[in-house]
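Colleague: Below: one structure in structure tokens.
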């Protein structure tokens, strides 16, 4: 609540839609907005409208749900040149809309399939189109080491990065918290996607994802 209140005193750097910055605390504002619009807590709404209808059977929300699941992955990071187990950080879960979901690779596969149109009763074609619509240019993405030789343009949509590779858009997002990394990317034109989940802070995820798309989009 303290962060939300302080946001009211911030000065805008530019008009909405003219510039871009990524900040988890801003995503956290989705929580009170959802509750105000639906009267339901964010976590319950996600469970009812996404997890259950998409049959994401092991997906959950929050730190306690993760820790209490006996089949959860332990996070790893490099320490003194070696991989070591690190603690799960509960602070990330304070911004549930930004980093509050726990999910398996099967769960995430179902989420990508829904984004590709397999569940119109859950994500309607109009909703999917709105989510994937480019909103604001993200020029810094053009210089990412593994992506820069592939991208012709880059934008941010509603919770998704929209990469332009030649004539084809790729919808992408990555995640990185202490001990974990994730990549999700899919091509609406080809009805094809990839999800990579790592319980380690490895930069190899960048090469895995881009190499997949280099092969998939090759003439």
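The values are calculated or read from the model by the stated rules, or taken from the named source; none is laboratory data. For clarity, every value in this text was computed on a predicted model and none was experimentally measured. When we count neighbours, we look across all protein chains shown, and the Cβ atoms used for this are built from the backbone with ideal geometry, even at glycine.
Colleague: All but one of (1) under 26 Å from residue 194 (Cα atoms); (2) more than 15 Å from the chain's Cα centre (by Cα); (3) surrounded by 15 or more Cβ atoms within 10 Å (Cβ to Cβ) hold for residue 55, so report the exception by its number.
Modeller: Of (1) under 26 Å from residue 194 (Cα atoms); (2) more than 15 Å from the chain's Cα centre (by Cα); (3) surrounded by 15 or more Cβ atoms within 10 Å (Cβ to Cβ), only one is false for residue 55: (3).
Colleague: Mind listing just one residue for me: the one in segment 154-173 that is part of a strand (DSSP E or B) and within 30 Å of residue 77 (Cβ to Cβ) and, of those, farthest from the chain's Cα centre (by Cα)?
Modeller: Our first condition is that a residue be part of a strand (DSSP E or B); within segment 154-173, this holds for 154-156, 161-165, 168-173.
Subsequent filtering for residues that are within 30 Å of residue 77 (Cβ to Cβ) retains 154, 156, 161, 163, 170-173.
On the way: 154: 16, 156: 12, 161: 9, 163: 14, 170: 14, 171: 10, 172: 8, 173: 5 Å.
Across segment 154-173, the extreme among qualifying residues is 154.
Colleague: Mind checking whether some residue in segment 21-36 is touching a strand residue (DSSP E or B) at 6+ places or on another chain (Cβ under 9 Å) and within 28 Å of residue 134 (Cα to Cα)? Steps first, answer last, please.
Modeller: As a first pass, look at segment 21-36 and keep what is touching a strand residue (DSSP E or B) at 6+ places or on another chain (Cβ under 9 Å): 22.
Filter once more, keeping what is within 28 Å of residue 134 (Cα to Cα): 22.
Yes; the residues of segment 21-36 include at least one that is touching a strand residue (DSSP E or B) at 6+ places or on another chain (Cβ under 9 Å) and within 28 Å of residue 134 (Cα to Cα).
Colleague: I would also like to ask the following. Hey, does segment 174-196 have a residue that's over 24 Å from residue 72 (Cβ atoms), at pLDDT 95 or above, surrounded by fewer than 13 Cβ atoms within 10 Å (Cβ to Cβ) and touching a helix residue (DSSP H, G or I) at 6+ places or on another chain (Cβ under 8 Å)?
Modeller: yes
Colleague: When you scan segment 39-153 for helices (runs of 4 or more DSSP H) that lie fully inside it, which ones turn up with 2 or more residues that are out of contact with any strand residue (DSSP E or B) (no Cβ under 8 Å at 6 or more places or on another chain), modelled with pLDDT of 95 or more and within 26 Å of residue 191 (Cα to Cα)?
Modeller: Numbers: elements: 42-46, 63-68, 96-99, 105-115, 125-131.
By residue number, 105-115, 125-131.
Colleague: Take the residues in segment 174-219 that are free of Cβ contacts under 8 Å to residues at least 12 places away in the same chain and assigned to a helix (DSSP H, G or I); name whichever of them is nearest to residue 104 (Cα to Cα).
Modeller: Kept after step one, since they are free of Cβ contacts under 8 Å to residues at least 12 places away in the same chain, are these residues of segment 174-219: 203-204, 211, 215, 218-219.
With assigned to a helix (DSSP H, G or I) added as a condition, the list becomes 204, 211, 215.
Values: 204: 20, 211: 22, 215: 25 Å.
The extreme case among them is 204.
Colleague: I've got another one for you. Six or more apart or on different chains, Cβ atoms under 8 Å: show the pairs whose first residue is in segment 1-27 and on the phi < 0 side of the Ramachandran plot and in contact (Cβ under 8 Å) with a residue 40 or more places away in the chain and whose second is outside any helix (DSSP H, G or I) and loosely packed, with under 10 Cβ neighbours inside 10 Å.
Modeller: Listed pairs, sorted by first residue: 19/13.
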